[in-house]
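One structure, pasted below without further comment.
Coordinate-derived values only; no laboratory data. Since this is a predicted model, take the numbers as computed values, not measurements. Glycine gets a Cβ as well: all are built from the backbone with ideal geometry, and neighbour counts include every protein chain shown.
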Amino acid sequence: MNTIANIGVRRFSAHRIASSIAKRQFGSESPLVKTACYDLHVELGGDMVPFAGYELPVLYKGENGGVMKEHLWCREDGKAALFDVSHMGQVCIFILRNILVLFVSHNTFFILHLMLYYYNHLDSMAWKR
Amino acid sequence: MKFLEKIVVGDIAGLSPGSGCLSLVTNEKGGIIDDTVITNAGDYVYMVVNGATKFGDMKHFSEQLENFEGDVTMEYLEDSMQLLALQGPGASEAIKKLLPADFDLVKMPFMTGVDTTLMNVEGCRITRYVKYFVSVKIVHL
């Protein structure tokens, strides 16, 4: 199963993240980031404003747009509103599983049991750690 | 899990795979620096933090990670994944059209999340919360 965590995503080390953040700190000179939906927002009459370092539509102009109409649409039966919140941060945190190193001993039976125990409980153990 | 419970509040270890909760991001003194939606995605933990505070959060997480002794890695999805929120009484009906035919939204309770295919694009994620959080992979056509 492909997940968001392993598809087309670069893996960052702690250092890489820190340096990437340093470059992307908000400043008056830093250019605003456009989301993947930017062209669609503009096409739909989006009033684009700076928001958390991104260019996002604060409201849509036109007959069906405006704060009041958009507010009511979102709450009306059978209707739904889509918000571009790509400015929000998405983080994946991986907790790596212990690699079990078992030494061969005289008591093979015991080892086998131990291995089976770890195998059966690996998921829950890794998670609780 | 120890690492997560160092940076956020709540019983994160107690979350079963697929389930999530609302939590707060805290600094080393226990002060609140952000709020977050956090989900146990099975192989990893998926977190959504606020836009205005995300760089501060990431800096804090990576600092904490550097000082943490344990096998934990972190991945910031930066702008490779876009995030959309779908909200309103008709949200379930609307999103159903984009999901695989065998995806049963009724079986997706409040505060759960799952990796899924959206409009045949693999590697997307949907989180059910007050609204739906839809994490979409950018596809260049």
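Listing A:Glu76, A:Glu43, B:Glu122 from the residue with the fewest other Cβ atoms within 10 Å to the one with the most, what is the order?
Numbers: A:Glu76 12, A:Glu43 9, B:Glu122 16.
Starting with the residue having the fewest Cβ neighbours, the order is A:Glu43, A:Glu76, B:Glu122.
I would also like to ask the following. Roughly what angle does helix B:54-67 make with the longest principal axis of chain B, taking Cα atoms, 0 to 90 degrees, to the nearest 10?
Helix B:54-67 sits at roughly 50 degrees to that axis.
Please list, or write none, the lysines whose alpha carbon is within less than 18 Å of the alpha carbon of A:Lys61, excluding same-chain residues fewer than 8 places away.
Result set, ordered by chain and number: A:Lys69.
Follow-up question, since we're still on this one. Averaged over B:51-60, how many beta carbons belonging to a partner chain fall within 10 Å of each residue's beta carbon?
Working: counts 10, 7, 3, 9, 9, 3, 3, 9, 5, 0.
So the per-residue partner count for this stretch is 6.
For B:Ala101 paired with A:Leu72, estimate the spin-label separation in nm (one decimal), with each label point 7 Å from Cα along the Cα-to-Cβ line.
It works out to 4.0 nm between the two label points.
Here's a follow-up. Based on DSSP H runs of at least 4 residues, each adding -39500 (n - 2.57), what is the mean residue ellipticity at 222 nm of chain B after dividing by all its residues, to the nearest 500 deg cm²/dmol?
On the way: 3 runs with 26 residues, N = 141.
My calculation for chain B gives -5000 deg cm²/dmol from helical runs alone.
Provide a whole-number value for the mean count of partner chain Cβ atoms within 10 Å of the Cβ atoms in peptide B:61-74. Can you show the working numbers first?
Numbers: counts 7, 10, 3, 1, 5, 4, 1, 1, 0, 3, 8, 6, 9, 9.
Taking all residues of B:61-74 together, the mean is 5.
Sticking with this structure for a sec: What percentage of all Cα-Cα pairs in chain B are separated by more than 24 Å?
Result for the distance tail: 33 percent.
Taking neighbour Cβ counts within 10 Å as the exposure measure, how do A:Asp84, B:Asp104 sort from fewest upward?
Arranged by neighbour count, lowest to highest, A:Asp84, B:Asp104 become B:Asp104, A:Asp84.
What list of ³J(HN,Hα) couplings, whole Hz, do you get for the stretch B:35-43 from phi and the Karplus terms 6.51, -1.76, 1.60, once you set θ to phi - 60° and write x for glycine and proline?
Karplus values, whole Hz, x for Gly and Pro: 10, 8, 9, 10, 10, 7, 8, x, 7.
How high is the FRET efficiency from A:Asn64 to A:Phe94, r the C-beta distance, R0 30 Å, rounded to 0.05?
With R0 = 30 Å, the Cβ-Cβ based efficiency is 0.10.
With the contact rule set at Cα under 8 Å and sequence spacing of 6 or more, what percent relative contact order holds for chain B?
Relative contact order for chain B comes out at 19 percent.
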